[in-house]
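The values are calculated or read from the model by the stated rules, or taken from the named source; none is laboratory data. Since this is a predicted model, take the numbers as computed values, not measurements. Cβ sites come from the backbone with ideal geometry, for glycine too, and all protein chains shown count toward neighbours. Surface areas here come from the heavy atoms of the whole protein model, side chains and all, with no ligands, DNA or RNA. Shrake-Rupley method; radii C 1.70, N 1.55, O 1.52, S 1.80 Å.
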Amino acid sequence: MMAKQALYVLLLTVLLYVHFTEQKVGEKRSFTIDYEKDQWLKDGEPFRYIAGAMHYFRVPKPYWKDRMAKMAAAGLNAIQTYISWNMHEPQPGVYNFEDGNDFAAYLQLAQEMGFVVILRVGPYIDSERDLGGLPFWLLQKNPHMRLRTNDPSYLQYVDRWLDVLLPKVKPLLYVNGGPVITVQVENEYGSYYACDFDYMHHLRDKFRQQLGKDVVLFTTDGGTEGFLKCGKVDGLYSTVDFGSGSDVKAAFEAQRNHEPHGPLVNSEFYPGWIDHWSYKHETVDADRVAKTLYEMLAMNASVTMCKSW
């Protein structure tokens with residue numbers, strides 16, 4: 001009798017486990033903007049990310065896990081990375097997604113390590129890359145090509161690249177079971193002279209067509225009205241970037257001028273600054289970094305520390 005009762009309890013436990021596990025698996029994952037309370041919602045719950053920018057193409061693959069472990073130990077809950085077009089299409093129509101270029105493996109590892117991902121697809125990424133990550137051979141095709149504009153000679157290669165790339169990104173979206181919560185379109189376009197809204201609308205529509213309606217698409221621009229004037233695009237959530245020592249309230253007021261509601265986001269918080277060849281090494285006072293970060297967090301802003309490798 002005791003054995004039968006024990007077996008009954010065991011079976012009941014298993015059935016209850018399966019029941020509730022199936023319910024959990026059956027729930028639709030979501031990552032959205034709560035415009036009423038000015039916050040992110042992850043599976044319907046308030047969420048704020050504190051991310052580190054680490055680019056898969058800058059860190060040898062054997063070190064990916066080590067770097068992510070250090071980021072987790074620092075208390076970060078998200079990873080941000082660009083996708084560098086020139087690394088994946090070194091020659092026209094020749095694609096490389098192997099070894100250190102296997103961004104999908106990188107994102108899957110990030111998910112295994114407990115991170116969500118902010119993915120910055122470009123096609124232009126800046127990131128201190130030659131041509132901002134655009135392939136050099138574009139200018140061989142047409143030396144007079146107007147990069148980052150609606151120039152058909154440029155767009156034909158952008159579209160071809162995105163038709164290869166975005167189908168690889170889609171399964172990795174959070175709503176599809178992956179780690180990617182948001183996807184950035186272009187990069188700091190408000191800093192570019194062209195101010196070609198036809199180009200940005202084209203990219204927006206391309207991303208939406210390929211990735212679907214359930215992913216947050218966003219832009220990043222400097223935290224002043226001058227940058228956001230040409231950076232803000234209808235249908236893309238505007239975020240800003242700025243460094244330590246900046247006027248945090250003023251930068252987020254600039255974001256609020258274009259996004260009256262939704263989460264405050266600094267997509268590139270610069271704790272320091274880049275070095276230039278032959279110039280003095282750049283250093284920044286740690287107290288100034290901490291003060292600026294504290295001010296942002298006190299405003300419930302989401303922040304990406306740039307860079308973290």
Loop-resident sites, the range 161-201, for chymotrypsin sites (Phe, Trp or Tyr not before Pro), counting at most 16 other Cβ within 10 Å (DSSP): Tyr193
Which residues' amide hydrogens lie under 5 Å from the amide hydrogen of Phe31, considering only partners 5 or more residues apart or on another chain, with H built in the peptide plane? Asp43
Would you mind working out the accessible area per residue for the chain, using a 1.4 Å probe, and quoting it in Å²? 50 Å²
Top to bottom by accessible area (1.4 Å), largest first, where do His201, His144 land? His144, His201
Here is the link list: Lys28/Lys213; Lys28/Lys170; Lys42/Lys213; Lys65/Lys170. Which ones come out longer than 18 Å on Cα distance? Lys65/Lys170
Amide proton proximity set for Gly243, modelled H, under 5 Å, gap of 5+: Tyr270
I'd like the accessible area for His261: 1.4 Å probe, protein heavy atoms, all chains in place, Å² to the nearest 10. 100 Å²
Can you list the HN-Hα couplings for the range 98-106, worked out from phi with the Karplus curve (6.51, -1.76, 1.60; θ = phi - 60°), rounded to whole Hz and with x for Gly and Pro? 9, 6, x, 8, 7, 5, 5, 5, 4
So how exposed is Glu282, as accessible area in Å² (1.4 Å probe, rounded to 10)? 80 Å²
Phi to ³J(HN,Hα) by Karplus 6.51 cos²θ - 1.76 cosθ + 1.60 over the range 108-124, Hz, x for Gly, Pro: 5, 5, 4, 5, 4, 7, x, 9, 9, 10, 9, 10, 10, 8, x, x, 7
Could you order Leu139, Leu166 so the one with the most accessible surface comes first? Probe is 1.4 Å. Leu139, Leu166
Under 10 Å, Cα contacts only: if you run a Gaussian network model on the chain, which one of Gln184, Gln156, Gln210 comes out with the highest mean-square fluctuation? Gln156
With only Lys, Arg, Asp and Glu charged, each at its Cβ (+1 for the first two, -1 for the last two), find how big the charge dipole of the chain is about the Cα centre; round to the nearest 20 debye. 700 debye
Counting only protein heavy atoms and leaving out ligands, DNA and RNA, the solvent-accessible surface of Thr283 at a 1.4 Å probe, in Å² to the nearest 10, equals 110 Å²
In a Gaussian network model of the chain with springs linking alpha carbons closer than 10 Å, the residue among Gly93, Gly231, Gly177 that fluctuates most is Gly93
So in the chain, which Cys have no other cysteine's beta-carbon sitting under 4.7 angstrom from theirs? Cys306
Proximal aspartates and glutamates relative to Lys206, as straight alpha-carbon distance under 18 Å, when same-chain residues fewer than 8 apart are discounted: Asp151, Asp159, Asp163, Glu186, Asp196, Asp198, Asp214, Asp234
Quick check: the distance between the Cα centres of the range 193-248 and the range 73-117, to the nearest angstrom? 21 Å
Before rounding to the nearest 500, sum -39500 (n - 2.57) across all DSSP H runs of length at least 4 in the chain and divide by the residue total; then give [θ] at 222 nm in deg cm²/dmol. -11500 deg cm²/dmol
What stretch of the chain, leaving out the sites themselves, is the longest with no trypsin sites (Lys or Arg not before Pro) in a DSSP loop having at most 13 other Cβ atoms within 10 Å? 38-212
Residue by residue, what Karplus-based ³J(HN,Hα) values in Hz, rounded to whole numbers, does the range 135-151 have, using 6.51, -1.76 and 1.60 with θ = phi - 60° and x for Gly and Pro? x, 4, 6, 4, 7, 6, 5, 7, x, 9, 4, 8, 5, 6, 9, 7, 4
Enumerate the amide H contacts of Phe218 below 5 Å, restricted to partners 5 or more residues apart or on another chain; note that Pro and chain-start residues carry no placed amide H. Val183, Gln184, Val185, Tyr237
